[in-house]
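Before I ask anything, here is the structure I am working with.
Quick note: the coordinates plus some simple rules give every number you see, no bench work behind them. Predicted model only: the values in this text are computed from it and were never measured. Neighbour counts are summed over all protein chains in view; Cβ atoms, including those assigned to glycine, are modelled from backbone coordinates with ideal geometry.
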Amino acid sequence: MSRPAHRILLVGPWRAGSSSGGCCSAEPAGIGGEHAHRPPAEADRREGDAAGVVRALRSSAGPAVDVQLVDPRNTLYLLPVVYRDARTAGVSMVRAAVTAIRATTPWTLVVDGRIVSRGDMLDPVGAERRCSPLLA
Amino acid sequence: MPAIVIAVVVLALFALGYVYYSRYLADRVYGLDPSFVTPAHELSDGIDYVPTNKHVVFGHHFVSVAGAAPIVGPAIAVFWGWGPALAWVVIGTIFAAGVHDFGALAVSVRHKARSIGTLTQDVISRRARTLFLLIIFFLLTLVNAVFAVVIGNLLVANPGAVIPIFVEIPLAIAIGQYIYRKRSAALVPSIIGVIGLYLLIWVGNEVPIEITGLADQLGFDRARDLWVIILFVYTFIAARLPVWMLLQPRDYINSHQLFIALGIVLLGVLVGWNSVVAPVFNDVPDDSPSIFPFLFITIACGAISGFHSLVSSGTTSKQLDKETDGRYVGYMGALGEGSLAMCSVLAVTAGVVASRAEWDTLYGDFSTASDGAAGNFVNGVAVFANNLGIPLDLAVIFAAVVVISFAATTMDTGVRLQRYVVQEIATLAGWNALSRNLTLAGIVAVAVPMAMALLPGGGDAGYTFGVLWQLFGTTNQLTAGLALAVVAVWVVSRRRNPVAVIVPLVFLLVMTSWALIVNLRNFIEAGEWVLAPLDAIIFVLAMWLIVEAAMALRRAYTDRAGSAGEPVQPRLDDDDARTG
């Protein structure tokens with residue numbers, strides 16, 4: 001599979017009710033019962049519509065651009081990918097490492113290893129506006 | 001034999017399993033379709049259902065399924081020799097865990113990302129839902145009991161770990177507050193937290209906290225029991241806190257510790273070139289549990305774990321962008337867990353001691369082997385860390401802190417989950433007072449496993465930890481069996497060959513039932529009047545599961561025969577036709 005021409009990562013909000021706990025545990029949703037609700041879901045909703053932003057970016061950017069919503073806790077994915085993208089964009093090793101670390105901030109928008117917005121809740125229009133100069 | 005050789009061979013076998021067997025499962029058994037519209041797209045809500053890149057999903061999935069259990073089970077099971085233990089880890093991971101984790105994910109994706117608990121009701125029967133909840137209740141009870149014992153033993157044996165472990169709690173709360181309120185880069189404060197935690201190892205080493213004297217004054221026979229009570233009181237309080245306040249940041253810190261520990265084991269083995277001193281097959285004493293069936297329930301997590309079906313169908317299935325991504329996420333997650341189990345085997349056969357004679361004293365009989373398993377792992381990892389230049393006394397505390405952190409987080413989550421299970425069971429039974437009262441449900445969730453950890457049985461010598469661990473392994477395998485039954489019925493209903501699913505299902509059910517019968521006889525003969533009824537109840541659940549699985553499979557085959565020549569009729573709301 002060929003690498004997409006561009007990669008946009010939206011690092012989503014810090015989910016209030018989501019956690020695992022390692023082997024031999026699961027989230028309450030795993031048992032699927034009526035008591036397995038997650039009260040913080042409402043709090044999560046107040047954290048903005050990250051998926052809506054991703055949908056809008058996918059729709060406007062087209063298939064040549066890989067747009068992903070990533071949890072800020074997912075360092076196993078975020079660190080190497082942002083570092084690699086930054087290095088591909090010609091950024092120094094130190095700067096790329098710093099960028100990768102900063103990309104773990106909730107509500108950060110990263111385009112091809114460059115942070116275009118950090119820590120600000122975005123709407124679809126604002127996100128597209130920040131991405132478009134780098135995709136042109 | 002150098003441990004690094006074993007590591008390379010095992011990882012190569014895992015790679016072959018992924019390349020060939022998981023492809024067979026994806027193409028021929030589960031019939032994955034890249035054009036299928038996954039729940040992440042169909043039900044996208046921006047909260048749980050979000051189409052996500054497979055590497056992103058894998059990052060979450062792996063951290064969610066990896067923890068302390070694949071460490072302890074293999075560390076006990078090398079009692080029969082490293083050969084059988086490692087063989088079951090490899091074969092179980094490739095042919096059972098991979099099938100199970102991947103299958104649970106595949107079937108959930110085809111059923112609107114429903115959890116395996118709901119699917120047991122939909123695919124097998126309404127009764128199976130009750131069966132699922134009862135198995136999960138006993139499973140969580142035993143998980144919390146065995147991990148309390150593991151932590152208690154480690155804190156008694158490693159008093160230097162007490163300060164880091166207990167300071168980790170406010171540290172995690174502070175990190176959680178900072179990230180959640182300040183919206184800063186999550187990695188920075190959590191890495192600072194990990195560094196702070198490891199600095200506290202030095203403090204802990206200088207100021208070890210022994211509670212043996214206090215336990216004596218309070219009348220405890222074992223100092224461990226005082227720790228067990230403290231742990232359950234803490235867990236009861238911790239499980240009442242919002243997830244984001246303590247559990248989530250500590251879980252995040254643990255994810256860093258997981259990779260640090262894995263890196264130290266593999267690098268330490270490479271640098272130190274430690275040789276395996278344990279025998280391939282151990283000549284165990286005559287009164288020991290036999291390798292068949294007990295090896296296969298001693299290593300549950302690390303070969304196959306029912307909990308993974310809850311994660312696969314609980315959160316992961318809601319995020320898959322393409323159905324075919326399930327192969328990478330589900331199967332690779334199982335291989336990651338198997339790799340942890342391999343590290344455990346290496347630590348307790350190549351790291352913990354330098355000679356066969358020393359090893360024989362640690363694994364002289366099953367009781368000694370099982371009681372000391374977690375400690376042996378800790379000491380083995382410490383030796384690997386020492387190969388990298390870390391002073392041995394600090395390395396021991398480091399390894400203890402890693403294992404205790406994992407186990408304590410699992411207990412926190414386990415009690416939280418058990419509360420829901422208690423409420424669900426109370427709802428089914430019509431006990432409204434219990435089903436509506438979170439505090440009461442929490443007390444039940446804590447009191448039952450605490451009783452198991454404190455009062456595990458009678459007999460002259462009391463129980464051995466390994467016996468309790470095996471009961472936990474049995475219930476974990478039964479949970480996996482239930483998930484495999486769901487997957488098998490689904491595969492049959494799609495007119496595909498279910499042999500790859502049915503073989504591990506039958507194997508697990510035979511081994512668990514066999515072990516339960518043998519243990520029941522032993523418990524009755526030894527007058528273990530807490531463990532005997534528990535074993536009997538779990539045996540009844542196992543028989544119930546076998547009947548339900550057989551009936552559901554027979555029904556699926558009958559339906560398939562009845563519709564021969566006709567287009568496949570999706571069961572329930574199986575979304576076979578929904579492709580984009």
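As I understand it, the dipole of the protein assembly as shown uses +1 on the Cβ of Lys and Arg and -1 on the Cβ of Asp and Glu, about the Cα centre. Which of A:A100, B:L508, B:I253 lies farthest toward its positive end?
Of the options given, the answer is A:A100.
Figure the gain on full extension for B:A447 and B:A357 (residue separation times 0.36 nm, minus the Cα-Cα span) and round it to one decimal in nm.
Values: separation 90, 0.36 × 90 = 32.40 nm, distance 4.17 nm.
Separation in residues times 0.36 nm, less the Cα-Cα distance, equals 28.2 nm.
Which residues' amide hydrogens lie under 5 Å from the amide hydrogen of B:W244, considering only partners 5 or more residues apart or on another chain, with H built in the peptide plane?
Correct list: empty.
Would you mind computing, in nm to one decimal, how far apart the modelled labels at B:V547 and B:W202 are, each placed 7 Å from Cα along Cα→Cβ?
6.3 nm
When a/c is below 1.5 the answer is rounded, else prolate if a/b is larger than b/c, else oblate, so apply that to segment A:43-136 with a ≥ b ≥ c taken from the square roots of the Cα gyration tensor eigenvalues. Can you show the working numbers first?
Working: a/c = 1.91, a/b = 1.27, b/c = 1.50.
Cα axes put segment A:43-136 in the oblate bin.
Would you kindly derive the ³J(HN,Hα) couplings of segment B:250-256 from the backbone phi angles with the Karplus curve 6.51 cos²θ - 1.76 cosθ + 1.60 (θ = phi - 60°), listing them in order in whole Hz, with x for Gly and Pro?
The phi angles translate into 5, 4, 5, 4, 4, 4, 5 Hz.
Hey, fewest Cβ within 10 Å first, where do B:D101, B:D27, B:D221 land in order? It would help to have the intermediate numbers written out before the result.
Numbers: B:D101 32, B:D27 12, B:D221 9.
Fewest to most other Cβ atoms nearby, the residues stand as B:D221, B:D27, B:D101.
Can you sort B:C301, A:C131 from fewest to most other Cβ atoms within 10 Å of each residue's own Cβ? Don't jump to the answer; show the numbers that get you there.
Working: B:C301 32, A:C131 24.
In order of increasing Cβ crowding within 10 Å: A:C131, B:C301.
While we're looking at this one, here's another question. Using a basic spin-label model with each label point 7 Å from the Cα along Cα→Cβ, how many nm lie between B:D33 and A:V125?
Placing both labels 7 Å along Cα→Cβ, they lie 4.0 nm apart.
Next question, about the same structure. Using alpha carbon centroids, what distance separates segment B:264-323 and segment B:402-446, in Å?
When both Cα centres are located, 27 Å separates them.
A follow-up question, please. Taking the dipole about the Cα centre of the protein assembly as shown, with the C-beta of Lys and Arg at +1 and of Asp and Glu at -1, give me whichever of A:Q68, B:F14, B:W469 is farthest to the positive side.
Final value for the positive-end residue is A:Q68.
Specify the angular offset, from 0 to 90 degrees and rounded to the nearest 10, of the alpha carbon long axis of helix B:54-65 from the longest principal axis of the alpha carbons in chain B.
Taking Cα atoms only, the helix is inclined about 50 degrees.
Report, as an integer, the average count of C-beta atoms from other chains found within 10 Å of each Cβ along B:414-422.
Details: counts 4, 1, 5, 9, 1, 2, 11, 5, 1.
Mean shielding count: 4.
Step through the residues of segment B:393-406 one at a time and calculate ³J(HN,Hα) from phi using the Karplus curve (6.51 cos²θ - 1.76 cosθ + 1.60, θ = phi - 60°), rounding each to whole Hz and writing x for Gly and Pro.
5, 6, 5, 4, 5, 4, 5, 5, 4, 4, 5, 5, 4, 4
How much length would be gained if the chain were fully extended between B:L455 and B:N497, taking 0.36 nm per residue of separation minus their Cα-Cα distance, in nm to one decimal? List each step's numbers first, then the result.
Numbers: separation 42, 0.36 × 42 = 15.12 nm, distance 4.67 nm.
Additional length available on full extension: 10.4 nm.
For chain B, find the longest principal axis of its Cα atoms and tell me its angle to the long axis of helix B:332-346, 0 to 90°, nearest 10.
30 degrees
Work out how much length B:N437 to B:S563 would gain on full extension: take 0.36 nm times their residue separation and subtract the Cα-Cα distance, in nm to one decimal. It would help to have the intermediate numbers written out before the result.
Numbers: separation 126, 0.36 × 126 = 45.36 nm, distance 4.79 nm.
So the extension gain works out to 40.6 nm.
Classify chain B from the C-alpha gyration tensor, please: rounded if a/c falls under 1.5, else prolate or oblate depending on whether a/b exceeds b/c. Could the numbers behind the result be given before it?
Numbers: a/c = 1.40, a/b = 1.35, b/c = 1.03.
It comes out rounded by the Cα gyration axes.
Now for a different question. With each label point set 7 Å from Cα along the Cα-Cβ vector, what nm distance links B:E42 and B:D221?
5.6 nm
About its Cα centre, what dipole magnitude does segment B:3-562 give when the only charges are +1 on Lys and Arg Cβ and -1 on Asp and Glu Cβ, stated in debye to the nearest 20? Can you show the working numbers first?
Numbers: 30 positive and 34 negative charges, 450 e Å.
In debye, rounded to 20, segment B:3-562 gives about 2160.
Placing +1 at every Lys and Arg Cβ and -1 at every Asp and Glu Cβ, with all other atoms neutral, what dipole size does the protein assembly as shown have around its Cα centre, in debye to the nearest 20? Walk me through the numbers on the way to the answer.
On the way: 49 positive and 52 negative charges, 475 e Å.
That gives a dipole near 2280 debye.
Determine the dipole magnitude for segment B:174-236: charges of +1 sit on the beta-carbon of Lys and Arg, -1 on that of Asp and Glu, nothing else is charged, the reference point is the Cα centre, and the result goes in debye to the nearest 20. Could the numbers behind the result be given before it?
Values: 5 positive and 5 negative charges, 122 e Å.
Dipole magnitude for segment B:174-236 comes out near 580 debye.
Amide H of B:D321 versus every other amide H placed in the peptide plane: which residues, excluding those fewer than 5 positions away on the same chain, fall under 5 Å?
B:T52
Now a separate question. What order do you get for B:306-313, A:75-82, A:102-109 when each peptide is scored by the mean count of other beta carbon atoms within 10 Å, highest first? Present the calculation step by step, with values, prior to reporting the outcome.
Numbers: B:306-313: 30.8, A:75-82: 21.2, A:102-109: 23.8.
The peptides rank, most packed first, as B:306-313, A:102-109, A:75-82.
Moving on to the next point. Give the average, rounded to an integer, of partner chain Cβ atoms located within 10 angstrom of each Cβ in B:53-65.
Numbers: counts 9, 1, 7, 10, 3, 3, 11, 8, 2, 1, 6, 10, 6.
That works out to 6 on average.
On a 0 to 90° scale, report how tilted helix B:465-493 is relative to the longest principal axis of chain B, with both axes built from alpha carbons and the result rounded to the nearest 10.
Roughly 20 degrees, rounded to the nearest 10.
Applying a 10 Å radius around every beta-carbon, put B:71-78, B:121-128 in order of their mean neighbour count, most first.
Numbers: B:71-78: 31.4, B:121-128: 18.1.
Descending mean neighbour count gives B:71-78, B:121-128.
Then there's this: Any idea which of B:L119, B:S190, B:G306 is furthest toward the positive side of the dipole for chain B, if Lys and Arg beta-carbons carry +1 and Asp and Glu beta-carbons -1?
B:L119
Hey, got the average number of other protein chain Cβ atoms within 10 angstrom for residues in A:75-83? Don't skip to the end; give the middle numbers.
Values: counts 10, 11, 9, 4, 2, 2, 4, 0, 0.
Partner Cβ neighbours, averaged per residue: 5.
Roughly how far apart, in whole Å, are the Cα centres of segment B:150-177 and segment B:360-391?
Here the answer is 20 Å between Cα centres.
Oh, and also: Among B:I6, B:I304, what is the fewest-to-most ranking by other Cβ atoms within 10 Å? Display every interim value, and only then the final one.
Numbers: B:I6 19, B:I304 33.
The fewest-first ordering by Cβ neighbours comes to B:I6, B:I304.
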